Amino acid sequence: MMSEFIPRIAVLIDAENVSWKHADAVVAKARAAAGVVQFRAYGNKATCKGWLDALKPHRPKRTSPQKTGKPNAVDMTLMLDAMVYVLRHQVSHVCIVSSDTDYVPLVRHLKALDCRTTVLGEAKTSKALRKACDEFVLLKKA
């Protein structure tokens, strides 16, 4: 008898790009998908505080880029972590919480590695990012 495949999902949050006030919507989506292995918020202590507080029951982790204050430091750190998780077969589905178009190349690379991709973003999310992912979820105004 074959066992049912349960995806291992990483929810990676660009805390500099999306407000923690969307935490309930993000958790609801994650619960519906099942298989979440971790929530990780990217940014400095101030930008991550709301996310960490809102996600406390889910034991989130904060990742601060080595060079804080540098352009795209959060984006690059999130991208590297996503690729490492997939290449090490730690996850089969990456959920990115951001409206940042800079993640389009990441999404394309993840899909090329047979990783399912979901983006949760605000109305400002570009058409390119919406089209690149397997699923786009619009976060309503918080």
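A few notes on this one:
- Number of residues in the range 121-142 that are among the hydrophobic types (A, V, I, L, M, F, W, C), closer than 20 Å to residue 30 by Cβ and surrounded by 14 or more Cβ atoms within 10 Å (Cβ to Cβ) equals 5.
Table: residues versus (1) assigned to a helix (DSSP H, G or I); (2) at pLDDT 90 or above; (3) under 15 Å from residue 121 (Cβ atoms); (4) among the aromatic types (Phe, Trp, Tyr).
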{"site": "4", "(1), (2), (3), (4)": "no, no, no, no"}
{"site": "7", "(1), (2), (3), (4)": "no, no, no, no"}
{"site": "17", "(1), (2), (3), (4)": "no, yes, yes, no"}
{"site": "50", "(1), (2), (3), (4)": "yes, yes, no, no"}
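- Index of the failed condition, residue 123 passing every other in (1) touching a Lys or Arg at 6+ places or on another chain (Cβ under 7 Å); (2) among the small types (Gly, Ala, Ser); (3) in a loop (DSSP other than H, G, I, E, B): (1)
- Single match in 49, 61, 111 (criterion: surrounded by fewer than 16 Cβ atoms within 10 Å (Cβ to Cβ), under 14 Å from residue 11 (Cβ atoms) and in contact with a helix residue (DSSP H, G or I) (Cβ under 9 Å, 6 or more places away or on another chain)): 61
- Some residue of the range 61-73 being out of contact with any His (no Cβ under 6 Å at 6 or more places or on another chain) and assigned to a helix (DSSP H, G or I): yes
- Considering residues of the range 73-83 that are in contact (Cβ under 8 Å) with a residue 12 or more places away in the chain and either farther than 22 Å from residue 29 by Cβ or of a type in the set (A, V, I, L, M, F, W, C) (or both) only, the residue surrounded by the most Cβ atoms within 10 Å (Cβ to Cβ): 78
- Complete set of residues in the range 84-102 that are touching a residue at least 40 places away in the same chain (Cβ under 8 Å) and either buried (at least 17 other Cβ atoms within 10 Å of the Cβ) or not in a loop (DSSP other than H, G, I, E, B) (or both): 85, 91, 92, 93, 94, 95, 96, 97, 98, 99, 100
- For the condition in contact with a helix residue (DSSP H, G or I) (Cβ under 9 Å, 6 or more places away or on another chain) and not small (Gly, Ala, Ser), residue 56 does not qualify.
The values are calculated or read from the model by the stated rules, or taken from the named source; none is laboratory data. These figures come from a predicted structure and were not determined experimentally. All Cβ positions, even for glycine, are placed from backbone atoms using ideal geometry, and neighbour counts span all protein chains on display.
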